[in-house]
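Derivation of every value follows stated rules applied to the coordinates shown; laboratory data play no part. Predicted model only: the values in this text are computed from it and were never measured. All Cβ positions, even for glycine, are placed from backbone atoms using ideal geometry, and neighbour counts span all protein chains on display.
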Amino acid sequence: MAPTRRAAAALQSEDEEDIRFDVGNRLFFRLYQASNLMHKTGSRSVAEYGSTTQQWAVLGALSRPAVRDEGMTVKELVGFLLVSRQNLTAVLNRLERSRFIERTRSDADGRLRRVRLTAHGSKTWARMLGNIRSYYADALDGFTTEECALLYRLLDRLRSRLAEF
């Protein structure tokens, strides 16, 4: 490659790197803003139940059919929700005080404690779902189902990539 072509290719490469950094910077800042807005507006949508988005996430995780009866260990919840044990413990304490969850010793291994919804927690979760459905409908208004699916796939790829760090 001639020197002028190499120089042009190097400049183009630098320009491409600058553009990619700028797009990445804007993307991550937009994700940060969206996360903050989801926390604020999502918490408002479930406030009548004395809940926040963090509590909503835990209740949702524990309400899934695969774990509803047995519950989950704190370690499993940490891995599923991708939160710190310290932050999760504070949320679990609040949920337990509200009688939404209970922590019991595992039958299989008495050293483990399992977290599961109480009857009160299950009933409250069932009522919260109406607000959550409305919140999702309002937040995603103007997006097609295909766009929502694409956004999910892209965010899932990003989450997977970040988990490699």
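Evaluate the range 5-12: report whether one residue or more is closer than 30 Å to Asn93 by Cα and among the polar types (S, T, N, Q). For the range 5-12, residues closer than 30 Å to Asn93 by Cα and among the polar types (S, T, N, Q): absent. If you filter the range 103-120 down to residues that are in a strand (DSSP E or B) and free of Cβ contacts under 8 Å to residues at least 24 places away in the same chain, you find that the one that is surrounded by the fewest Cβ atoms within 10 Å (Cβ to Cβ) is Arg105. For the range 139-165, the set of residues classified as surrounded by 12 or more Cβ atoms within 10 Å (Cβ to Cβ) and more than 18 Å from the chain's Cα centre (by Cα) consists of Phe143 only. For the range 1-39, the set of residues classified as among the hydroxyl-bearing types (Ser, Thr, Tyr) and either within 16 Å of Leu155 (Cβ to Cβ) or outside any helix (DSSP H, G or I) (or both) consists of Tyr32, Ser35, listed by residue number. Filtering the range 96-113 to residues that are more than 18 Å from Trp56 (Cα to Cα) and among the basic types (Lys, Arg) leaves Arg105, Arg111, Arg113.
Among the conditions (1) farther than 24 Å from Asp156 by Cβ; (2) free of Cβ contacts under 8 Å to residues at least 40 places away in the same chain; (3) touching a helix residue (DSSP H, G or I) at 6+ places or on another chain (Cβ under 9 Å), the only one that Lys123 does not satisfy is (3). Out of all the residues in the range 36-45, is one or more touching a Gly at 6+ places or on another chain (Cβ under 9 Å), more than 24 Å from Ser160 (Cα to Cα) and of a type in the set (D, E, K, R)? There is no residue in the range 36-45 that is touching a Gly at 6+ places or on another chain (Cβ under 9 Å), more than 24 Å from Ser160 (Cα to Cα) and of a type in the set (D, E, K, R). Just so you know, in the range 85-138 the residues that are under 22 Å from Leu37 (Cβ atoms) and charged (D, E, K, R) include one that is farthest from the chain's Cα centre (by Cα), and it is Asp138.
Which one of these is surrounded by fewer than 13 Cβ atoms within 10 Å (Cβ to Cβ), among the aliphatic types (A, V, I, L, M) and either closer than 18 Å to Leu112 by Cα or under 17 Å from the mean Cα position of the chain (by Cα) (or both): Leu82, Leu62, Leu77, Leu27? On inspection, the qualifying residue turns out to be Leu82. Can we say Ala149 is closer than 27 Å to Ser84 by Cβ and either out of contact with any helix residue (DSSP H, G or I) (no Cβ under 8 Å at 6 or more places or on another chain) or touching a residue at least 24 places away in the same chain (Cβ under 8 Å) (or both)? So Ala149 does not fit the description; no. Counting the residues of the range 40-96 that are in a helix (DSSP H, G or I), free of Cβ contacts under 8 Å to residues at least 40 places away in the same chain and of a type outside the set (A, V, I, L, M) gives 16.
A search for C-beta distances below 7 Å between a residue of the range 12-32 that is touching a residue at least 24 places away in the same chain (Cβ under 8 Å) and within 17 Å of Leu151 (Cβ to Cβ) and any residue that is in a helix (DSSP H, G or I) and of a type in the set (S, T, N, Q), counting only pairs 6+ apart in sequence or on different chains, returns nothing.
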